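Here the structure comes first, spelled out in structure tokens, and everything after it is commentary.
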Amino acid sequence: MLVPALAVALLMYTDSILTEQSLATEKDYEIDVDQEFYALGAANVGAGLMGGFPVNGSQSRSAVNDEAGAKTQAANLVTAVLVVLTLLFLTPLFETLPQAALAGVLLVAAAGLVDLSAIRRVRVLDRFDFWLILITAALVVGVGVLTGILVAVFLSLLDAALKPYKPHTAVVARVPGTERFRDVDTLPNAEEIPGLIIYRFDAPLYFANADVLVDEITALVDESDPPPEEVLVSAEAITDIDSTAHETLHELVDDLHERGIRFTVAGAKAPFVETVERSGLREEIDAFYLEVDRGVAAFYNRLDSEDSTE
């Protein structure tokens, strides 16, 4: 019974939460997903102990209640009373009613939960999410709700796993007339600093993408003329680093030091700093800075000190 029970639980939870979020967006109010999860779990524990059916938020009933103007749980009490009265006294009036009539009521009510404008916005913002919507909808209609949800969950997890695999990276330079630094691809007139490569890596660093960081920094160093004196990595987005990536980074730092190039880091988060501290790599990294501008200021100060010494 475990596998069917898990399937029912997944179906009920996603069905309930998606219905709630759709109505919350339409009516402009917020819901607490964690609280909804606990409430749904408690309701099903109670139903299980009393031999009842699994409990969830029904899309069809929610849509019908919304179309009817229901605002509170009193609507469910009224519905329960009407169901009892119908079962006891009014069944003959409905026994010849075609099921298509009930289906029509549900379809008209549920159509109001489909937000076409939101789907159009998703198409502009994220093509993957847009195709995920279409695939999920097609599977739900053509195969079944559970299959559609499982495929959607799998594709979402796959997308989340692949995004860090090809992270966004950038060479960073100064915005003219300021102490701010931006991606040179988005700001063509940005002022690059001679002798300093500022490189930003926008993802956690792990085994699948560590080579991207190493290869791109190595290419930047090789292509720089004259050779750089320092590589400054903007690490605000590196929230984690695994053991394989750590070894790869260690090799990069050693290679740069052999070339006489300093390796510094700006904006590193606590998990990154703690990892390199435990491994001893922190001692090989030449400096840590709170922000990129502080790293640039320190670079200029070091150059001034070397010039004055000479």
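The values are calculated or read from the model by the stated rules, or taken from the named source; none is laboratory data. None of these values were measured; they are calculated from a predicted model. Methodologically, a virtual Cβ is constructed for each residue, glycine included, from the backbone with ideal geometry; neighbour enumeration extends over all protein chains shown. Just so you know, the surface numbers come from the protein's heavy atoms only, side chains and all, with ligands and any DNA or RNA stripped out. Shrake-Rupley method; radii C 1.70, N 1.55, O 1.52, S 1.80 Å.
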Residue with peak Gaussian network fluctuation, the chain [Cα springs, cutoff 10 Å], from Glu30, Glu274, Glu229: Glu30
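If you put +1 on each Lys and Arg Cβ and -1 on each Asp and Glu Cβ, how big is the dipole of region 82-182 around its Cα centre, in Debye rounded to 20? Can you show the working numbers first?
Values: 9 positive and 6 negative charges, 154 e Å.
Roughly 740 debye, rounded to the nearest 20.
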GNM result for the chain, Cα springs below 10 Å: residue of Thr79, Thr275, Thr244 fluctuating most strongly: Thr79
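Mean residue ellipticity at 222 nm from the helices of the chain, using -39,500 (n - 2.57) per DSSP H segment of n ≥ 4 over the full residue count, to the nearest 500 deg cm²/dmol?
Numbers: 13 runs with 184 residues, N = 310.
Helices in the chain give a 222 nm mean residue ellipticity of -19000 deg cm²/dmol.
Can you send over the carbon and sulfur percentage of the accessible area for the chain, probe radius 1.4 Å, protein chains only?
Details: 12140 of 19640 Å².
About 62 percent, which is the carbon plus sulfur part of the accessible surface.
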Full-extension gain in nm, Asp242 to Trp131, via 0.36 nm per residue minus C-alpha separation: 36.8 nm
Relative contact order of the chain, pairs being alpha-carbon contacts under 8 Å that are 6 or more residues apart, as %: 10
Straight-distance crosslink candidates among lysines, where the alpha carbon sits under 29 Å from Lys71 and sequence neighbours closer than 8 are dropped: Lys27
HN-Hα J in Hz across region 218-230 - Karplus 6.51, -1.76, 1.60, θ = phi - 60°, x for Gly and Pro: 4, 5, 5, 5, 5, 7, 6, 9, x, x, x, 9, 7
Length released on extending from Tyr29 to Arg182, taking residue separation times 0.36 nm less the Cα-Cα span: 51.4 nm
At q = 0.08, 0.11, 0.13, 0.16 Å⁻¹, base-10 log of I(q)/I(0) for the chain (Debye sum, equal scatterers on each alpha carbon): -0.61, -0.86, -1.01, -1.29
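Provide the gained length on full extension for the span Leu77 to Ala39, in nm with one decimal, where the gain is 0.36 nm per separating residue minus the Cα-Cα distance.
Values: separation 38, 0.36 × 38 = 13.68 nm, distance 1.85 nm.
Extending this stretch completely gives an extra 11.8 nm.
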Whichever aspartates and glutamates have a C-alpha closer than 12 Å to that of Lys163, once near sequence neighbours (fewer than 8 apart) are set aside: Asp202
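Taking the solvent-accessible surface of protein heavy atoms with a 1.4 Å probe, what is the per residue accessible area of the chain in Å²?
Per residue, the chain has an accessible area of 63 Å².
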Amide N proximity, region 199-215 versus Arg294 label position 7 Å along Cα-to-Cβ, cut-off under 15 Å: none
Between region 97-155 and region 1-80, the alpha-carbon center distance in angstrom: 18
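Could you sort Lys166, Lys269 by their accessible area in this structure, using a 1.4 Å probe and putting the largest first?
Working: Lys166 160, Lys269 85 Å².
Greatest to least solvent exposure: Lys166, Lys269.
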